[in-house]
1. Looking at the range 7-96 from every direction and averaging, what is the projected area of its Cα convex hull in nm²?
2. Which length gain, in nm to one decimal place, applies between residue 17 and residue 38 when the Cα-Cα distance is subtracted from 0.36 nm times their residue separation?
3. Estimate the FRET efficiency between residue 73 and residue 94 by the formula 1/(1 + (r/R0)^6), using the beta-carbon distance for r and 22 Å for R0, to the nearest 0.05.
4. Long-range amide H contacts for residue 85: which residues qualify at under 5 Å (H placed 1.01 Å from N, peptide plane, sequence gap of 5 or more or a different chain)?
5. Under a Cβ-only charge scheme (Lys and Arg +1, Asp and Glu -1), can you give me the dipole magnitude of the chain about the Cα centre, in debye to the nearest 20?
6. Quick one: helix 22-40 against the long Cα principal axis of the chain, what's the angle to the nearest 10°, folded into 0 to 90?
7. Given 54, 65, 33, which one lies farthest toward the positive end of the charge dipole of the range 3-96, if we put +1 on the Cβ of every Lys and Arg and -1 on the Cβ of every Asp and Glu?
8. Going Cα to Cα from residue 6, which aspartates and glutamates come in below 16 Å? Please leave out same-chain ones fewer than 8 positions away.
Amino acid sequence: MAKITKDEIIHLADLANLTLSEAEIEQLGGDLNNIVAYIEQLSELDTSGVQPTYMTVDLENVTRADEIIDYGLGREELLKLAPEQAGGQIKVPKVL
């Protein structure tokens, strides 16, 4: 296991725009090293007979085919129904 150095902690704190005291750096270093050691225990597990799990429930996306429904109106007729239009498109108010 590679130990997380003080310079790496200072670099991470700088990236996160954090100001840490010396005591906080030491405590964070110990905490991060403990976390990495705990996670590395997972590499010791024998997972050769375990199927990968992507979802724990049998849900599937329900989709439908895209179908164009022509209601007997062309583009020009629909644009004439719009209150405002510009450049062949329906003009709508700004929403901010």
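Every number here is computed from the coordinates shown, using simple stated rules; none is lab data. These numbers were taken from a predicted model, which means no experiment stands behind them. Ideal geometry is used to build each Cβ from the backbone, glycine not excepted, and the neighbour counts take in all protein chains shown.
1. 15.6
2. Fully extending the segment from residue 17 to residue 38 adds 4.9 nm.
3. 0.20
4. HN-HN under 5 Å from residue 85: 91.
5. The calculated dipole for the chain is roughly 640 debye.
6. 80
7. 65
8. 14, 22, 24, 26, 31
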